[in-house]
Amino acid sequence: MGCAILSQGTCDVMEPGYVALYHSGELERRAQFLEARLASCDICPRECLVNRLENEPGYCHSGRLAIVSAVCAHQGEEPAISGARGSGAVFFGNCNMRCVYCQNYQISQNWKKQKSKVMDCHTLARRMLCLQNELGCHNINFVSPSHFVPQLVRAVLEAVPMGLQVPLVYNTNGYDSIASLKELNGIISIYLPDLRYASDNWAKKFSGASDYVARVRQAIREMYQQVGDLVVDEDGLAQKGLIVRHLILPNGLAGSEESLTWLVRELSPTVTLSMMSQYMPMHRALRIAMLSRTISVHEYETVLQLLADLGVENGWVQEMGAAEDYLPDFEREGHPFLPRPERTEEHIPFQDAGANINSPYNLV
Ligand code: SF4
């Protein structure tokens, strides 16, 4: 899917900022600074203040070393992230949230089993090089990295002299510490945060994060300040910028109207959005009435109309009915995602989605 369908800026391929930070010594300084914070951990907004250098468990049940549950070329991300050869996904284990519907619950909320997935930073660096050189991935995509920022930076530091040169994607639930994000300035090229809720009540009830709304909005502001609007190369591949994901939940639980209005009116009208319709009642959500179904056509079309009313132009929307295609199985041998040859048709650019609903997206 080429960049002609997007309204973002285009550029020649850029050298990621972490290369210059490596050569100036700044990357080493940041790795050391972040690692020191593990002694009284405040790496994410939970601020547990446990000593992770001694493997004392905090809310995320994660110690000194990273937990890496899967490493693979991922074809199912947004077209600008996955491209033709896939995004080099590094799925970190455990999490600093507890979403009752988490589709990655096998690795995010099963910390006893994840203990066997501990990985030192040098090994992680070698796996990143494998994604870049052997699988030809367009980027390294750190999935659920909020509780492993120090280990991520150390792995990048190890990987640069090995030849790492692709952009880094920070693929997060958005419940991130501003202090940690500031240490990533210039290291991360593409921020890919969720914007899950507009209500702290629902965030507390369904994800265990009672201060989520303020935290995620501050985090997205910081990310946008660092990287700005999405910039793609001539093949339509993301080189730099912010893409905000919004998962539509049933019964209006995601607060789509409030969240998207905030995003467009208070952050930027040019922000790139990825609207996700893939919600499936997984994990504990099957036993919660308000979350026990997929979204309806009416809920989907209401959000599309909202995007039209807000004048959003940049991004993609998942087509309805694709929910099951996006489900991973981290206990399957080999790749957690099944091959999906029709992938590129599942993310529809806003302009094309607009053609179906007679909205201002119809700009082509
Ligand atoms: S990263 Fe883990 S231990 Fe540290 S503050 Fe967050 S939840 Fe607590």
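Please treat every number below as a calculation from the coordinates, not as lab data. Keep in mind the model is a prediction, meaning the values are calculated, not measured. Note: ideal-geometry Cβ built from the backbone for every residue, glycine included; neighbour counts use all protein chains shown.
Apply 1/(1 + (r/R0)^6) to the Cβ-Cβ distance of D120 and R293, taking R0 = 56 Å, and write down the FRET efficiency to the nearest 0.05. Each step should come with its number before you reach the end.
Working: r = 43 Å, r/R0 = 0.76.
Working from the Cβ atoms, E equals 0.85.
Farthest toward the positive end of the dipole of region 3-357, out of S116, Q103, N133, is the Cα of S116, where the dipole comes from beta carbon charges about the Cα centre. Modelled this way, with points 7 Å down the Cα-to-C-beta line, the labels at E257 and D309 are 0.6 nm from one another. In this structure, the amide hydrogen of G236, modeled 1.01 Å from its nitrogen in the peptide plane, lies closer than 5 angstrom to those of C3, counting only residues at least 5 positions away or on a different chain. Potential lengthening of the chain between M320 and K204 amounts to 39.0 nm, from the contour at 0.36 nm per residue minus the alpha-carbon distance. Placing +1 on each Lys and Arg Cβ and -1 on each Asp and Glu Cβ, with no other charges, gives region 3-357 a dipole about its Cα centre of roughly 1460 debye. Converting phi to 3J(HN,Hα) with the Karplus coefficients 6.51, -1.76 and 1.60 and the offset θ = phi - 60°, region 132-143 yields 6, 8, 8, 9, x, 5, 7, 7, 10, 10, 7, 9 Hz in sequence order, with x at every glycine or proline. Of all lysines in the structure, those lying under 26 Å Cα to Cα from K112, and not within fewer than 8 positions of it along the same chain, are K204, K205. By the compact-protein rule of thumb, 2.2 N^0.38 Å, the alpha-carbon radius of gyration of region 3-357 corresponds to a ratio of 0.92.
Applying 1/(1 + (r/R0)^6) with R0 = 35 Å to the Cβ-Cβ distance of E331 and Q32, what FRET efficiency is obtained, to the nearest 0.05? Present the calculation step by step, with values, prior to reporting the outcome.
Working: r = 37 Å, r/R0 = 1.05.
Once the sixth-power term is evaluated, E becomes 0.45.
Amide H contacts of R245: D194, L195, S274, each under 5 Å away and 5 or more positions distant or on a separate chain (H built 1.01 Å from N in the peptide plane; Pro and chain starts excluded). Working from label points 7 Å from Cα in the Cα-to-Cβ sense, the S40 to D211 distance is 1.7 nm. When both bridge partners sit in the chain, DSSP labels roughly 35% of those beta bridges antiparallel.
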